[in-house]
Amino acid sequence: MTHLDEILNLHDLSLDLLAGDIINCRVRFLYNHQKMCLHHHVYDLNLLHQISDYFNIQVKFEQLKNLNQIIIGQKK
């Protein structure tokens, strides 16, 4: 829910007829734990390393700080 305002600002209601107007959309998103209507990205450092390997990127720096996972890489 930390990105709710961003999602609402960027959400194209014309492509989401079930959402209705912005007020109904906000209510629907607030009940995401029941409706599962928001898109989420879930990564861990292992998956980020696999992605880096797939794209032939050498990891130069990585940091796990709270929920933030940061990897800096360079194309091999």
Inset, instruction - Take HIS3, HIS11, HIS40 and order them by how many other Cβ atoms sit within 10 Å, fewest up front. - result: HIS40, HIS3, HIS11
Legend entry - Candidate lysines for bridging to LYS76, where Cα separation is under 20 Å - those fewer than 8 sequence places away on the same chain excluded: LYS60
Legend entry - Nearest-20 debye value, the chain charge dipole, Cβ charges on Lys, Arg, Asp, Glu: 240 debye
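Counting other C-beta atoms within 10 Å, which of ASP12, ASP44 has the fewest, and how do the rest follow?
Least crowded to most crowded, the residues run ASP12, ASP44.
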Inset, instruction - List the relative contact order of the chain as a percent without decimals, with contacts defined as Cα pairs under 8 Å and 6+ residues apart. - result: 17 percent
Legend entry - Residue-averaged 222 nm ellipticity for the chain, from DSSP H runs of 4+ at -39500 (n - 2.57), nearest 500: -10000 deg cm²/dmol
Legend entry - Entry for Rg and Dmax of the Cα atoms in Å (calculated from the structure that is shown) out of [x] 13.0, 38; [y] 30.1, 90; [z] 17.3, 48: [z]
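Just so you know, all these numbers are worked out from the coordinates, no wet-lab data involved. Worth saying up front: this structure is predicted, and the values here are computed from it rather than measured. Because the Cβ atoms are built from the backbone with ideal geometry, glycine has one as well, and the counts that use them run over all protein chains shown.
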